[in-house]
Amino acid sequence: MTHAAALATDLGEITLAYHARTKHRLDRYAAGPETLDWDMQPNPFREFEGCKRIALPLTAVPPGTRFTDIYAHGRVKPAALSMGSISTFMELSLGLSAWKQYGPDRWALRCNPSSGNLHPTEAYLLSSQVPGLEDGLYHYFCRDHALEQRFRRNGTLDDEKSPARLWIGLASIYWREAWKYGERGFRYCQLDIGHALGALRYAAGMLGWTARIVDQIEYEELTALLGLDRIGDFLGAEQEEPDLLIAIDSDPATNLIGSLDRPCAAAARACEWTGRANLLDPHPMYRWPVIEQVSLATRGEPEKERLHRLVYPPVPEIFEAHAASIIQNRRSAQRFDSKQTMSAGTFFHMLDCLLDRPAAPWDIWAYIPRVHPIFFVHRVEGLEAGLYLLPRDPEALRALRDTLNPDFIWQTLENAPAHLPLIKLMPGDCRSFARTVSCHQAIARDSCFSLGMLAEFEAIVKQNPWRYRQLHWEAGLLGHVLYLEAEAAGLRGTGIGCYFDDVLHELLGMKSERFQSLYHFTVGFPLTDDRITTLPAYPGRSDHH
């Protein structure tokens, strides 16, 4: 075994040990804080003091793009890169969607969902040749919908003769999740990156843009590009961990992404930087060193896969709602009406949108599908209650059959669309089990369906521990599609990070870690709490209408 292979194996073992250690079990939960004082919650907004701040104009009239137009390649005329279009892009991806108030408590909601609404994900913009915006790096300060200029170009970030370009860097502040969820918080940070990917891709689609993860950028290069290796700028504040870089193509017809993958980190280092990160939690009560260990173990270089997408029919256009309305009104349901039934057509449509296509949102994702949902169907018209599987890659079907309970019936559905690979595993009322496996949460029982996301796991993570992060991103991206599709259908979804990992695995007859569930989700008819007041996302801004 080569030194590199031995190192990957060691890091893989660390990663697998972390995953096993942070499983919730019926007799104990993963290690976390014993008490929570919500009055001492960390500041949910990272900002950089001492740097130039540019207020972005808010969208006076939401763009008229229909939600279904995002799925149709080339239907939306691309908007030119400008301060206005970038503002719309950020507002409808990572911006605030509302403030909520209940009694004396007030909290913000964002377009990108987050575990516990804690929002560990930070976003950075790298601009080149954008009219009205100096070339350089900007932190997106979502509370005020503003850009904080970390550096302006005094060298060459890109070819000066090139067209306007934009990149988005994403990073995580682990303490935001660990404050509440303890050791399991690293998992939730990675799921949130997946949700952010989805939010960015849908917002880009509204503007006729495409987006794609930049492949094979090394950890050190991304860290330098985003300024996260500047220790003095984070002195005394919580550090950020770089996750990935996304290239935005504002003119997909020219395929700029293929020719200009990323700006130069060396040029960024030579620039004059400004700003110091704020302290989010002055009195942290706990430390979770295992999070730093798994973070170090999973920093390996991303790998590029040869992706051969299947040819599926275009996503049917069944909803007329405007995309901006769907995005800004997306919420996580807190309770569900346990009596109402959803239509089979809506259910099949939602699953259809999870299939890997060379269109939004999956064209941001240049990897073979490795995450396959297991559905607990409770109340879907014309569909027998029971356990169902959606293998998102036919190559995984044999491994799933070899891994899951051999007594499952593996029955294809006559009333499902011919191209939808939905398989019935077991008929029966699964509501009680769905509730139990999701940490006894009623939302998994009272919904129309809930699901767990089975990821191809042990062999992949051992070979390249970085894939542990990436598998969670895929699961988060699946969750984001379900969130928006539920909203478009007049339903509502909720991501579930708290579940008993091995209880689900045992139900499925799994005797190894060949597959593992990385995320749960549930969809149904929401019941709203009228005691909670909804307030505008950006009150007091004169450009808000």
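The values are calculated or read from the model by the stated rules, or taken from the named source; none is laboratory data. Source: prediction; values computed, not measured. No Cβ is skipped: glycine too gets one built from the backbone with ideal geometry, and neighbour counts run over all protein chains shown. We work out accessible area using only protein heavy atoms, side chains counted, and drop any ligands, DNA or RNA first. Shrake-Rupley method; radii C 1.70, N 1.55, O 1.52, S 1.80 Å.
Things worth noting here:
- Looking across region 94-114, the residues that are among the polar types (S, T, N, Q) and not in a strand (DSSP E or B) come down to 112, 114.
- Some residue of region 198-207 being over 22 Å from the mean Cα position of the chain (by Cα) and outside any strand (DSSP E or B): no
- Unmet requirement for residue 144, which otherwise passes all of (1) within 23 Å of the chain's Cα centre (by Cα); (2) of a type in the set (D, E, K, R); (3) over 30 Å from residue 520 (Cα atoms); (4) part of a strand (DSSP E or B): (4)
- Considering residues of region 467-509 that are touching a strand residue (DSSP E or B) at 6+ places or on another chain (Cβ under 6 Å) and β-branched (Val, Ile, Thr) only, the residue surrounded by the most Cβ atoms within 10 Å (Cβ to Cβ): 494
- Residue 432 being polar (S, T, N, Q), over 21 Å from residue 511 (Cβ atoms) and in contact with a strand residue (DSSP E or B) (Cβ under 6 Å, 6 or more places away or on another chain): no
- Screening residue 333 with (1) within 30 Å of residue 217 (Cα to Cα); (2) in contact with a helix residue (DSSP H, G or I) (Cβ under 7 Å, 6 or more places away or on another chain); (3) open to solvent by less than 20 Å² (accessible area, probe 1.4 Å) gives one miss only, at (1).
- Residue pairs meeting the criteria (Cβ under 8 Å; at least 6 apart or on separate chains; first touching a residue at least 24 places away in the same chain (Cβ under 8 Å) and on the phi < 0 side of the Ramachandran plot, in region 388-403; second surrounded by fewer than 21 Cβ atoms within 10 Å (Cβ to Cβ) and part of a helix (DSSP H, G or I)): 391/397
- If you go through region 99-139 and keep only what is of a type in the set (Lys, Arg) and either within 23 Å of the chain's Cα centre (by Cα) or crowded, with 22+ Cβ neighbours inside 10 Å (or both), you end up with 100, 110.
- Selection within region 280-298 - assigned to a loop (DSSP other than H, G, I, E, B), touching a residue at least 60 places away in the same chain (Cβ under 8 Å) and surrounded by fewer than 18 Cβ atoms within 10 Å (Cβ to Cβ): 281, 283, 284, 285, 286
- Unmet requirement for residue 395, which otherwise passes all of (1) within 23 Å of the chain's Cα centre (by Cα); (2) among the charged types (D, E, K, R); (3) farther than 15 Å from residue 479 by Cα: (1)
- The number of residues in region 208-217 being outside any loop (DSSP other than H, G, I, E, B) and more than 16 Å from the chain's Cα centre (by Cα) comes to 1.
- Residues in region 218-227 that are under 14 Å from residue 269 (Cα atoms) and either assigned to a loop (DSSP other than H, G, I, E, B) or of a type in the set (Lys, Arg) (or both): 226, 227.
- Residue check for residue 46: outside any strand (DSSP E or B), basic (Lys, Arg), at pLDDT below 95 and within 29 Å of residue 206 (Cβ to Cβ): no
- Number of positions in region 496-541 that are assigned to a helix (DSSP H, G or I) and either touching a helix residue (DSSP H, G or I) at 6+ places or on another chain (Cβ under 6 Å) or over 28 Å from residue 340 (Cα atoms) (or both): 6
- Conditions (1) within 21 Å of the chain's Cα centre (by Cα); (2) closer than 17 Å to residue 509 by Cβ; (3) assigned to a loop (DSSP other than H, G, I, E, B): number failed by residue 367: (2)
- Every residue from region 510-522 that is among the aliphatic types (A, V, I, L, M) and surrounded by fewer than 24 Cβ atoms within 10 Å (Cβ to Cβ): 510
- Test result for residue 445, touching a residue at least 24 places away in the same chain (Cβ under 8 Å) and assigned to a helix (DSSP H, G or I): yes
- Meets criteria (touching a helix residue (DSSP H, G or I) at 6+ places or on another chain (Cβ under 9 Å), open to solvent by 40 Å² or more (accessible area, probe 1.4 Å) and not aliphatic (A, V, I, L, M)) for residue 449: no
- Some residue of region 227-239 being under 23 Å from residue 280 (Cα atoms), in contact with a Lys or Arg (Cβ under 9 Å, 6 or more places away or on another chain), open to solvent by less than 10 Å² (accessible area, probe 1.4 Å) and at pLDDT 95 or above: yes
Quick grid of which residues meet (1) more than 30 Å from residue 10 (Cα to Cα); (2) out of contact with any helix residue (DSSP H, G or I) (no Cβ under 8 Å at 6 or more places or on another chain); (3) among the aromatic types (Phe, Trp, Tyr):
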{"residue": "380", "(1), (2), (3)": "yes, no, no"}
{"residue": "402", "(1), (2), (3)": "no, yes, no"}
{"residue": "406", "(1), (2), (3)": "yes, yes, no"}
{"residue": "416", "(1), (2), (3)": "yes, no, no"}
{"residue": "428", "(1), (2), (3)": "yes, yes, no"}
{"residue": "461", "(1), (2), (3)": "no, no, no"}
{"residue": "466", "(1), (2), (3)": "no, yes, yes"}
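- Selection count, region 350-371, where residues are open to solvent by less than 10 Å² (accessible area, probe 1.4 Å) and either closer than 16 Å to residue 416 by Cβ or among the β-branched types (Val, Ile, Thr) (or both): 8
- Inside region 75-90, residues that are over 18 Å from residue 132 (Cα atoms) and either touching a helix residue (DSSP H, G or I) at 6+ places or on another chain (Cβ under 6 Å) or surrounded by 19 or more Cβ atoms within 10 Å (Cβ to Cβ) (or both) make up a count of 2.
- Scanning region 60-79 turns up no residue that is under 29 Å from residue 233 (Cα atoms) and outside any loop (DSSP other than H, G, I, E, B).
- Of all residues in region 228-245, those satisfying the criterion of being in a loop (DSSP other than H, G, I, E, B) and touching a residue at least 60 places away in the same chain (Cβ under 8 Å) are 238, 239, 240.
- Members of region 381-394 that are assigned to a strand (DSSP E or B) and open to solvent by 10 Å² or more (accessible area, probe 1.4 Å): 383
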